[in-house]
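In what follows, a single structure is set out as structure tokens and then discussed.
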Amino acid sequence: GGPDGFGYTFKNSSHASGPSYNWFDISVIGTQVTGLSDDNFVGPFPMSGFPYYTNNPTQFWIGSNGFISFVPMNIASTAASFPAIPAVGGPNNFIAPFLSDLTLNGGTNPGRVYRYDAGDTICVSFVDVPFWVNNANQFGGSNSFQIILNRADSSITYNYLKQTGAPDPVYVNNYISIGIENSTGNEGLQYYRGASIPSIINTAVKFSYPAVVQPITDAAVHWVDNDRSAGKFVP
């Protein structure tokens with residue numbers, strides 16, 4: 001897929017020159033993320049040395065619905081519908097390996113999230129995270145997937161280890177989105193969006209940073225509350 005206007009492309013592990021699927025188990029070497037429940041996010045967590053579109057983020061947030069973002073935000077469902085990627089109207093500036101109506105709420109919920117940052121690798125793993133389902137437990141199914149950010153080549157890889165079940169059957173409209181999106185929503189790549197679950201078990205999807213970056217307008221106001229603030233734009 002791609003390129004988008006910036007130059008990102010993607011291939012999955014079934015492509016002749018695509019990535020190999022290799023699940024990176026960080027459950028022992030990583031740090032378990034606490035505070036995630038239903039339709040919420042936690043952070044920020046520090047990061048450095050990884051370019052994403054025209055930015056070099058220094059921190060990220062983790063969302064319970066299967067994403068990380070470079071600004072604090074919650075991507076929650078509207079009747080289990082999640083946005084197309086990209087979408088100018090927001091949300092923006094996120095990486096979504098499995099944006100869906102997931103939940104980590106409840107004392108018996110088996111879901112766990114881990115993060116790891118060392119050397120060339122930043123990894124966030126969602127392990128045994130179920131969908132929100134309107135039953136006695138308020139969850140069902142199980143999903144294990146991860147994001148790997150590789151500083152060496154600036155690539156983004158999604159790995160999919162497990163997928164069972166589905167979101168609550170009452171909601172049938174576009175309940176899974178997979179892709180990447182820049183800070184304005186003008187650029188991004190959508191790997192999948194739909195109301196059925198793609199066959200992704202034991203699959204890797206790699207988004208490659210462009211060898212030659214295309215000209216792109218990628219600036220937006222985040223916040224300004226000081227009338228003495230100033231800034232300069234330089235090449």
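Accessible area per residue, 1.4 Å probe, Å², for the chain: what's the number? Intermediate values should be presented prior to the final figure.
On the way: 10970 Å² over 235 residues.
With the other protein chains kept in place, the chain gives 47 Å² per residue.
For segment 30-71, what is one quarter of the convex hull surface built on the Cα atoms, given in nm²? Write out the running numbers ahead of the final one.
Details: hull surface 13.5 nm².
For the Cα atoms of segment 30-71, the hull's average projected area reads 3.4 nm².
Among the lysines, which fall within straight-line cross-link reach of K206, defined as a Cα-Cα distance under 28 Å, with same-chain neighbours fewer than 8 residues apart omitted?
Once the sequence-local lysines are set aside, what remains near K206 is K11, K162.
Based on the Cβ-Cβ distance of N74 and A118, what FRET efficiency does E = 1/(1 + (r/R0)^6) give at R0 = 41 Å, to the nearest 0.05?
0.90
Could you work out the Rg to Rh ratio of segment 1-156, with Rh taken as the Kirkwood radius (inverse of the mean 1/r over all Cα pairs)? Kindly include the intermediate steps, with their values, before the conclusion.
Working: Rg = 15.7 Å, Rh = 16.5 Å.
Value, to two decimals: 0.95.
Give me the distance in nm between label points sitting 7 Å out from Cα along the Cα-to-Cβ direction at R151 and T58, one decimal.
1.6
How many nm separate the modelled label positions at H15 and T108, each set 7 Å beyond the Cα in the direction of the Cβ?
Spacing of the two 7 Å Cα→Cβ label points: 4.3 nm.
Let's test the formula: R0 of 22 Å, r as the Cβ-Cβ distance of T34 and Q138. What FRET efficiency results, to the nearest 0.05?
After rounding, the FRET efficiency stands at 0.70.
Could you compute Rg(Cα) / (2.2 N^0.38 Å) for segment 73-193, with N its residue count?
Working: Rg = 14.9 Å, N = 121, 2.2 N^0.38 = 13.6 Å.
So segment 73-193 has a normalised radius of gyration of 1.09.
Where does segment 1-93 land on Rg(C-alpha)/(2.2 N^0.38 Å)?
Working it through for segment 1-93, the quotient is 1.27.
For D225 paired with V170, estimate the spin-label separation in nm (one decimal), with each label point 7 Å from Cα along the Cα-to-Cβ line.
3.7
The values are calculated or read from the model by the stated rules, or taken from the named source; none is laboratory data. Just so you know, these numbers come straight off a predicted model, no measurement behind them. All Cβ positions, even for glycine, are placed from backbone atoms using ideal geometry, and neighbour counts span all protein chains on display. Ligands, DNA and RNA are stripped out before the accessible areas are found, and what is left, the full protein with its side chains, is counted by its heavy atoms. Shrake-Rupley method; radii C 1.70, N 1.55, O 1.52, S 1.80 Å.
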